[in-house]
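Everything below concerns the one structure shown next.
Computed from the coordinates by the stated procedures, all read-outs in this text should not be read as laboratory data. This structure is a prediction, so every number in the text was calculated from the model and none was measured. Cβ sites come from the backbone with ideal geometry, for glycine too, and all protein chains shown count toward neighbours.
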Amino acid sequence: MKNTVWTYWENPKGVSDEPAYITLCRWTMLHNLHSSTLVAVNPENLDKYLPGMTSRLEGVQAHARGRLDKAKRIVKGDTRSLAIKCDVIRAHLLKLYGGFYIDSDAIVLNDLKPYFDLLDQYEFAIVKRASHGKSHVSVNFYGSRPFGELISRYTAAQTDAISRRKIFDFTGLGDTTLNPIVDDHQDGIYYIPEREVQAVTYEESEAMLLSRDLTPEDVIKGNESVFMLYKGIFQNQLKGISLQDLYYGDMLVSRVYRRALPEEKFKQYLNSAF
């Protein structure tokens, strides 16, 4: 599959409707990915792309944070465990097919062709954080050639870890496993500048994304193609918000959605969804 953009979404246990912010992000991808194919992977089609992956991930979960967390998981499941499984899914998709993986909660502002062009020269492309004293890679947006050496080492390390245990720290199969492999494999890696993907960082996300004073021009300084979101505000302040309220809101996050997705296209997607 040439120039494939992969994404994965799985609703938490007991939830049937996709959150509005995820739907809107996917619509920005569909609208702006002109030179690539978006493949939205989910639990229903996972084994089509990665045969046997559902059974391989059976029982993989995040460490429980006390008795209350364990009790809640029985009814609601655990989004942290879903994130750990997704770390494995995205890596194996890139190993087998190549392309770029992008988190489902990312707004796509422009076509991603410049990033695919990087894979003509580099085996692997990934964001390495530099803000807030961080220096680790981020797996919310990264790309690889199929069967590249680095991605193959990463998936092998994940497979080995899962064969030995099923419970992990939140980043145990993500950047915690990937970082030392990247550090040991300097050749053939392109480090995507953090600001190109995370114009608003996780640490700033609540204050900035909910701001009614900021505009997209205040935070998007160049030709950024990806604007990463973070689920925290959508599980709290904006929990249950509708597609229309999120798109037409006066918060920064709403304004970025409108920059990425013209109103005419929003209405078109909205009408086709209902």
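A few points about this structure:
- Fully extended contour minus Cα-Cα distance, from GLU206 to LYS48, at 0.36 nm per residue: 53.2 nm
- Integer Hz, Karplus 6.51/-1.76/1.60 couplings in order for the stretch 166-181, x for Gly and Pro: 10, 10, 9, 5, 3, 9, x, 10, x, 5, 4, 7, 6, 3, x, 5
- Calculated FRET efficiency for the pair LEU30/ASN236, C-beta based, R₀ 25 Å, to 0.05: 0.35
- Rounded to whole numbers, the Karplus 3J(HN,Hα) couplings from phi for the stretch 200-213 are 10, 7, 4, 5, 9, 4, 5, 5, 7, 5, 8, 5, 9, 9 Hz, using 6.51 cos²θ - 1.76 cosθ + 1.60 with θ = phi - 60°, and x at Gly and Pro.
- Shape analysis of the stretch 176-274 based on the Cα gyration tensor places the equivalent ellipsoid semi-axes at 30, 16, 15 Å, largest first.
- For the chain, adding -39500 (n - 2.57) for each run of n ≥ 4 DSSP H residues and dividing by the number of residues yields -12500 deg cm²/dmol at 222 nm.
- Share, in percent, of DSSP beta bridges within the stretch 4-273 that are antiparallel, nearest 5: 50
- Full extension of the chain between LEU38 and ASN223 gives 64.5 nm of extra length, using 0.36 nm per residue less the Cα-Cα distance.
- P(r) of the chain over all Cα-Cα pairs, binned every 5 Å from zero, in whole percent: 1, 5, 12, 17, 19, 18, 15, 9, 4, 1, 0
- Fewest-first sequence of HIS136, HIS92 by Cβ atoms within 10 Å of each Cβ: HIS136, HIS92
- About its Cα centre, the stretch 10-150 has a charge dipole of approximately 700 debye under the convention of +1 per Lys or Arg Cβ and -1 per Asp or Glu Cβ, with nothing else charged.
- Measuring between alpha carbons in the structure, the pairs from LYS13/LYS166; LYS48/LYS128; LYS231/LYS267; LYS221/LYS265; LYS134/LYS265; LYS95/LYS128 lying more than 27 angstrom apart are LYS48/LYS128; LYS134/LYS265.
- Relative contact order of the chain, taken over Cα pairs closer than 8 Å and 6 or more residues apart, is 24 percent.
- Ordering 228-236, 49-57 by mean Cβ neighbour count within 10 Å, with the highest value first, yields 228-236, 49-57.
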